[in-house]
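Participant: Just dropping this structure here.
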Amino acid sequence: MENIKRLKQTLSPVAGIASRIRVGAVGLFMALAFVLPAQQGFEDRLTFKEIQDLLSEGIARRDTRKQALGWYKWAIYRESQTENRDSAFQYLARSVDLFLKAKDTVAYHRARAELATRLSERSQSDDALRMQQAALDYFRKKKNRRLETLVLAQMARVYQMQGDTARAVALRKEFREKGLLLKDTVLLISVFIDDIARFESEQNYQDALSLAFRVLQLADSSNRKEYIIWAQSTIGYLNEEIKDYRMALRFLRRAEASISSSFDPRRRDIYRHLSTVYVALDSLPQALNYAVRYMALADTLLNRDRLATAQRLAIQYREKERTREMENLTKAIETIEESKLAQRQFFYVLLLFFGAIILALFFIVRDYRNRLYTNRVITLQNEKINRQTIQQLEDKLRIESMQRILEGQESERRRIATDLHDSLGGLLAAIKIRMENLTGKLPGLDKNGEFSKIKGLLNDTITETRQIAHNLQPSALHQFGLMKAIQDLTTRVRSDGVPAIDFQHFGSFKDIDHTISLNCYRIVQELLQNSLKHAGATEILVQLTRTDNELALLVEDNGTGYDPDTATKGMGTDNLRQRVQFIKGEISIQTAKGQGTSTMVTVPLG
């Protein structure tokens, strides 16, 4: 009995703080549950040495954000490793200040919300709620659902500490709903951990134990070792509270086996609870063993904490020394800068004076260059206008000359056609009449072979004369228009030994100007004669097409074709192009040796 009393006296000083340690652990794991990829370093779990290296590197390189992250990690580490929450509070406040200087707004509000949770433990709940509300508004504005959910949980905890249960319940409900919407196993665990803390504060151990088993199940399914250890140890603590020591012993031993590090503070807490459970089970040797192990580990962690504090103070001292040196150097630089200020001002005045002169010269030169450029542009424009005027006059003269030539040609054609029809045609008709009268006077003359040949030649001469007169001045063009004239032309050309001519027409041709009609007729006549004389074709297509604003002439044969680059151009080709140019048309010739010839002429109307 003496041993039992002595063992209980050894463990009693730490039993009172068990609840506080558990609440602190809940806060720690709640913070770690929210992984934020955009915040580099927040999700990393660092060792003591890594935190010290991070702080040293940040101070050496004057990297404010690294320093802020180092103090943040140091605060979380101190809070999880020792019962000294005051130092963790100071380190967290330092990190908030440095995050603000580093202009990392997300990290600033995140650390500030966690600092506010610690403020509420110091009877400053109103200030804590203002800080958390600012963080909540910021995260909602940025649509950061995870950190918004975290702040809701922290605010619910503060309202619960204030005794405002209604507000705490409302916030906790919103926190759960948002957490479940995210469908994150880690977040669900954090929701259950928050509920477990509430049930513990209400001494509702059965409901807390049920949720702890749920956390263990989720942690096992997601292979989260940290939460597995937390759930096992919490189940052990809760069973100890309801005096189910066998179940408490089972889970505490499992938690002990799950911790890999020999110097993990959680192992220290588990040793203490195991010692208490063995005392309750009257296993004094085991209880004494775990009590000794608890005190040895507690001393080790305390020594390590003291060493860390000494190292931190050394870092701070070196930082102060560097700051003092920088202040002295800054004062020396300020003195030098003040001595140079007057020189700079004088230099700036001179620079401004010379700058004004250079600017004035620049505007003068620019104005002069603009005048030269303007005069050059005006001269070029005048030259261009003169060239255009000369070109227009030349085109006008060429068109007038071409018009006179074509009118002269047509006038000469009419004269020749008239002479052939009236003079030569009349003489040939008189000769034919006399020959017919001669056959009446000489009855046997019709049977004379030579007479018959002469009579046949005379008939052919009369027909040829009429044909030539008709070609020179087509009467069908004047009487019936372009389409009938070209149809008549193709009909008169058809005979034995002549290629098959296919005439096609599309559209109405009644209101076409006589000058255009006459030139189009001559163009088709010239193209048709070229195909008959030179192409050696068996088929010729003549097509006439009228649209609203255009007249198209097509003459196509399947003859021998020619090479446009080597073919010689005769008078007929020149006349053809002159006529097309005169009526403002365009001509396109597609031909090659052995491929026939296709000539398209388009004439604008209106």
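Participant: So what are the ³J(HN,Hα) numbers for region 262-267, from phi and the Karplus equation (6.51, -1.76, 1.60; θ = phi - 60°), rounded to whole Hz, Gly and Pro as x?
Facilitator: 6, 10, 6, x, 5, 4
Participant: Find which of Ile512, Thr599, Gly559 sits farthest along the positive direction of the dipole of region 476-606, computed with +1 on the beta-carbon of Lys and Arg, -1 on that of Asp and Glu, about the Cα centre.
Facilitator: Projecting each Cα onto the dipole axis, the largest value belongs to Ile512.
Participant: Let me ask something else about it. Determine ³J(HN,Hα), in whole Hz, for all residues of region 192-202 in sequence, where each value follows from phi through the Karplus function 6.51 cos²θ - 1.76 cosθ + 1.60 and θ = phi - 60°; x replaces Gly and Pro.
Facilitator: Residue by residue, region 192-202 yields 5, 4, 5, 5, 4, 4, 5, 4, 5, 5, 8 Hz.
Participant: Applying the Karplus parametrisation 6.51 cos²θ - 1.76 cosθ + 1.60 with θ = phi - 60° to the phi angles of region 556-566, what ³J(HN,Hα) value in whole Hz is obtained for each residue in order, glycine and proline being reported as x?
Facilitator: Each residue of region 556-566 in turn: 9, 10, 9, x, 6, x, 7, 8, x, 6, 10 Hz.
Participant: For region 222-298 and region 187-216, what is the separation of their Cα centres, given in Å?
Facilitator: Region 222-298 and region 187-216 have Cα centres separated by 18 Å.
Participant: Hey, another quick one. Over 31 Å between C-alpha atoms is what I'm after, so list which of Lys178/Lys243; Lys103/Lys331; Lys141/Lys173; Lys49/Lys101; Lys66/Lys173; Lys66/Lys141 land there.
Facilitator: Cα-Cα > 31 Å for Lys178/Lys243; Lys66/Lys173; rest within.
Participant: Using modelled amide H (1.01 Å from N, peptide plane; none on Pro or chain starts), what sits under 5 Å from the amide H of Leu281, excluding residues fewer than 5 places away?
Facilitator: HN-HN under 5 Å from Leu281: empty list.
We did not get these values from a lab; they are worked out from the coordinates using the rules stated. What you are looking at is a predicted structure, and each value in this text was computed from that prediction instead of being measured. So basically every Cβ, Gly included, is an ideal-geometry build from the backbone, and we count neighbours across all protein chains shown.
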